[in-house]
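One structure is given here, and the rest of the page talks about it.
The values are calculated or read from the model by the stated rules, or taken from the named source; none is laboratory data. This one's a predicted model, so the numbers in the text were calculated from it and none came from an experiment. Here the Cβ is made from the backbone with ideal geometry for all residues, glycine too, and neighbour counts use every protein chain on show. Just the protein is used for accessible areas: all its heavy atoms, side chains included, with ligands, DNA and RNA removed. Shrake-Rupley method; radii C 1.70, N 1.55, O 1.52, S 1.80 Å.
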Amino acid sequence: MATDQRQAATPPIELAADRSGAAYDRIRADIVHGVLRPNQRLVEVDLAEQLGVSRTPVREALQRLVLERLVRRERGGWVVHEHSPEEIEAIYEVRAALEGYAAFLAADRADEAQLAELDAIYPSGEAALELGPDEQVELNERFHDGVIAAAGNARLAELCRVNRQYYFNHRIASRYGAEENRRSIEGHRLILRALARGDGPAAEAHAREHVDYALAIVLAKVT
């Protein structure tokens, strides 16, 4: 009877995995989007209460985030990791390689529906420049996700996701000026035109240039 009770009290593996994954997704998103700030302490009990889960999935999520260098262990606790300029540069160098190749593949593999979806992300003309920081973040992520999805390579998509540690987040978006926004959006449009032509080398080159430009802005504004 005691054995049956223990088995009943243990959540199914699938459910436990879902809770851990959901905690990971939420905490990671909060870090990337600036809700949880660099060097902010992360208290397991508080996070568990906010997410409506026990401490175990929170701890598992934080351990995953340590491997991604978004969180670090410090004095027996957890802290949001603040990236050094050297770390940021390394992240963006990897991003340029991965997302450049994703654009190269997408030029050959994207179908008409995917191209139409990418084209519809931003308002036409100068209207895109009037978007606020939150909208810029959302649309930027949708565009990059769309290009990566159009590459049709699940493993590449996962590598791209992992290397979006210092993505176009709220803190940097709020500091973009009008010219920086214009160049960023134009970079997306150049990538899209190359995809529509089926020009893989041009799509890759524009994607790399776009990431390099974003790196220059990040380094200028966070250092």
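Could you rank VAL218, VAL35 by how accessible they are, 1.4 Å probe, largest area first?
These residues rank, largest area first, as VAL35, VAL218.
If you take the charge dipole of region 84-147 about its Cα centre, with +1 on Lys and Arg Cβ and -1 on Asp and Glu Cβ, which of HIS144, GLY132, LEU98 is farthest toward its positive end?
LEU98
Using a 7 Å offset from the Cα along the Cα-to-Cβ direction at both GLU89 and GLU68, what is the distance between the two label points in nm, to one decimal?
Distance between label points: 2.5 nm.
With +1 on each Lys and Arg Cβ and -1 on each Asp and Glu Cβ, and nothing else charged, work out how big the dipole of the chain is about its Cα centre, in Debye to the nearest 20.
780 debye
Calculate, in whole percent, how much of the Cα-Cα pair population of the chain lies beyond 21 Å.
60 percent
Could you list the residues of region 181-211 with an amide nitrogen less than 17 Å from a label point located 7 Å from the Cα of LEU129 in the Cα-to-C-beta direction?
Within reach of a label on LEU129, which here means backbone N under 17 Å from a point 7 Å along Cα→Cβ, region 181-211 contributes 181-190.
Taking the Cα centre of the chain as the origin and placing charges on Cβ (Lys, Arg +1; Asp, Glu -1), which of LEU195, ALA220, ALA110 is farthest toward the positive end of the dipole?
The listed residue farthest towards the positive side: ALA220.
In region 18-93, which GluC sites (Glu not before Pro) are in a loop and have at most 14 other Cβ atoms within 10 Å, using DSSP for the loop call?
Qualifying residues, ordered by number: GLU82.
Please give, to one decimal in nm, the separation of the simple spin-label points placed at ALA22 and GLU179, each 7 Å out from Cα toward the Cβ.
In this crude spin-label approximation the distance works out to 4.7 nm.
So, counting K/R as plus one and D/E as minus one, what does the shell of residues with Cβ under 13 Å around ASP212 add up to?
-2
Collect residues whose amide H, placed 1.01 Å from N in the peptide plane, falls under 5 Å from the amide H of TRP78; neighbours closer than 5 in sequence don't count.
Result for TRP78 returns LEU42.
Could you tell me what percent of the accessible area of region 54-124 is made up of carbon and sulfur, with a 1.4 Å probe and every protein chain present?
47 percent
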